[in-house]
Amino acid sequence: MTDSTAATTPSERPFASLRDCLPWVEARLLAAHAHRLDETHAEDMPWWPAGYARQRPERVFEIAVGAVLTQNTNWKNVERALANLDGADALGADAIAALADDELADLIRPSGFYRIKTRRLRAFTEAWLAAGGYEDLERMETSALRLWLLDIHGIGRETADDILLYGFQRPVWVIDSYTRRLFARLGFPALADMPYDALAAELLDATPAPDAERLAQWHGLIVEHAKAHCRARPACHDCSLRAGCRHGLTVD
């Protein structure tokens, strides 16, 4: 994609809108994290270790399980829980449905809040099977599929959109605290307080060519950037976005 704003930094000309901001930010985040993009495994985003589900419907349920388990924990803990499930041949819907609650809780214990997550995984698995699994769910329109997900116990907007984007390849923005923090610091503080769906719609409307792959990349880049630089206590000194960041420009 051509970086039409590269020649003029926002320190010289403030971003007029998100449409003005997004190409500038995207180009710099891609350049900063290019070393993490393994071209030999382009279908596997490095920030989604369960794997991007491109043309692999058997992975969609696994990705959904990961999205539930990652609530209120870090991915390393989720990986341990997924490894336990995989080692017990229990990463499929039928296999999870056949487990007793205590067995399932023990397998996912590394993810934390394991009793709560057992109930949530149980609810998701039952809904998945009742709906006919991937084949029937894939035929649903995105808005209907999202409503179906949100109707399941323990599935909130961020988790639903993780599943839609990474599992079903639907073009949605995943909004998390990192997203709100980044755009607030870049010069759009009102975005931090917007309701989830309103902010997601605003970003989707402003994103050039917003297909699922690009939006998955956006989410991953923001997560990685937030962990490296845009923390609660930011590390601005070598941030690739500092020249266009209203907060970064105020830091000595």
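Would you mind ranking THR73, THR118 so that the residue whose beta carbon has the fewest other beta carbons within 10 Å leads the list?
With the sparsest Cβ surroundings first, the list reads THR73, THR118.
Would you mind giving the three semi-axes, in whole Å and largest first, of the ellipsoid equivalent to segment 57-167 according to its Cα gyration tensor?
21, 15, 12
Using only the Cα atoms, work out Rg/Rh for the chain, with Rh taken as the Kirkwood radius, to two decimals.
0.99
Counting Lys and Arg as +1 and Asp and Glu as -1, each charge on the Cβ, what is the dipole of the chain about the Cα centre in debye, to the nearest 20?
The calculated dipole for the chain is roughly 1000 debye.
On alpha carbon coordinates alone, what is the Rg over Rh value for segment 166-214, Rh being the Kirkwood radius?
0.98
By how many nm would the segment from ALA88 to ALA16 lengthen if fully extended, with 0.36 nm per residue of separation less the alpha-carbon distance?
20.6 nm
Each reported figure results from applying straightforward, stated rules to the coordinates on display, with no laboratory input. This one's a predicted model, so the numbers in the text were calculated from it and none came from an experiment. Neighbour counts are summed over all protein chains in view; Cβ atoms, including those assigned to glycine, are modelled from backbone coordinates with ideal geometry.
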